[in-house]
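Structure first, then comments.
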Amino acid sequence: MSSLASQVILHPTVAETLKVLNTTLGRDKIYRAVQYFSRFFAWYLISKGYKLEATRWNALKGHLATARKLLRLGKPLEHLQLALRAAQTTGEVREQVTTIGRQVGYFGYLTYDAIVWANSVRFIALKPDTAAKVNKTANRFWLAGILFSIAHAVFKSARLTQEVKEVRLLSEKDIGGENARYARVRTIEALRTGTRHQFLIDILDLWIPATNIGLFNFNDGVLGIFGFITSVLALQKHWSAVNAK
């Protein structure tokens, strides 16, 4: 029995999970996945007439949303730093501009989101209409950040596609041999895969702030599924990055 317990507790998957949970980003993505699944499942239960059963899932969704806002209190400064670093680097102009726009958008979103959190825990007291305006402004910044991220992915993907074509046209003498060509193509393809992965996340996440500010009218079931999928995709990416170290 003890041997079986040891095999379970010391299993590599358990160790990898603990490494992810030891990071703030890992915990945030897991909380987000549960939050958006709860949003979907509460909507599903209500649509089937199980309003009482949906109450606990709505409560879980609300508490996780508040917890995630607390986890992200320091992140606006991180995005501001990334925007400043992008402004100081040289590179493809369109990618640089969209990177700065994305980071500034997320900086604004998380800054206003922190005010929403402070009001929700009654650390500050905002009038209902002011709180609604702050929340709407946060979602506008979020939407702007996602749109810049999508534009960045389009520009970067086009550049990487062109780079692959150019590398394949080079002679072995120019690039240093077939092995060097293969390594270069693999590197570019890995970057392109990562760009497409983020593009998919952004395309699905886009509809959440767009609905929150009234541009679209998706129900909680659709938004819950979108949010759950993007949370799992982001968690997979973070899992690979953490456990590759």
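Read the figures in this text as sums done on the coordinates, not as results from a lab. In this text the structure is predicted, and so the values were computed from the model without any measurement. Positions of Cβ are backbone-derived with ideal geometry, glycine not excepted, and every protein chain shown enters the neighbour counts.
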**Item:** Spin-label pair Thr187/Ala241, simplified geometry with 7 Å Cα→Cβ offset, distance in nm
**Value:** 2.0 nm
**Request:** Quick one: work out Rg over Rh on the C-alpha atoms of the stretch 176-245, Rh as Kirkwood radius.
**Result:** 1.20
**Fill in**
The residues Tyr112, Tyr106, sorted from fewest to most surrounding Cβ atoms within 10 Å, come out as Tyr112, Tyr106
**Message:** Taking θ = phi - 60°, what integer Hz values does the Karplus form 6.51 cos²θ - 1.76 cosθ + 1.60 yield along the stretch 124-133, in sequence order, with x for Gly and Pro?
**Reply:** 10, 10, 9, 5, x, 5, 5, 4, 5, 5
**Calculated from backbone phi, Karplus (6.51, -1.76, 1.60) coupling profile of the stretch 206-214 in Hz, x at Gly/Pro** = 3, 6, 6, x, 4, 6, 4, 9, x
**Item:** In degrees, nearest ten, helix 24-47 long axis to first principal axis of the chain (Cα)
**Value:** 50 degrees
**Prompt:** Taking θ as phi - 60°, what are the ³J(HN,Hα) couplings along the stretch 79-84 by the Karplus curve (6.51, -1.76, 1.60), each to the nearest whole Hz, with x for Gly and Pro?
**Reply:** 5, 5, 4, 5, 5, 5
**Asked** Looking at the chain, what % of the alpha carbon pairs are farther apart than 33 Å?
**Response** 31 percent
**Asked** What is the distance in Å between the Cα centres of the stretch 203-245 and the stretch 126-165?
**Response** 13 Å
**Message:** Can you find, among Val116, Thr55, Ala87, the residue sitting farthest towards the positive end of the charge dipole of the stretch 1-142, where Lys and Arg contribute +1 and Asp and Glu -1 at Cβ?
**Reply:** Thr55
**Prompt:** Kirkwood hydrodynamic radius for the stretch 103-239: how many Å is it when counted over pairs of different Cα atoms?
**Reply:** 17.6 Å
**Request:** Over the residues of the stretch 12-133, compute the C-alpha Rg and express it relative to 2.2 N^0.38 Å.
**Result:** 1.35
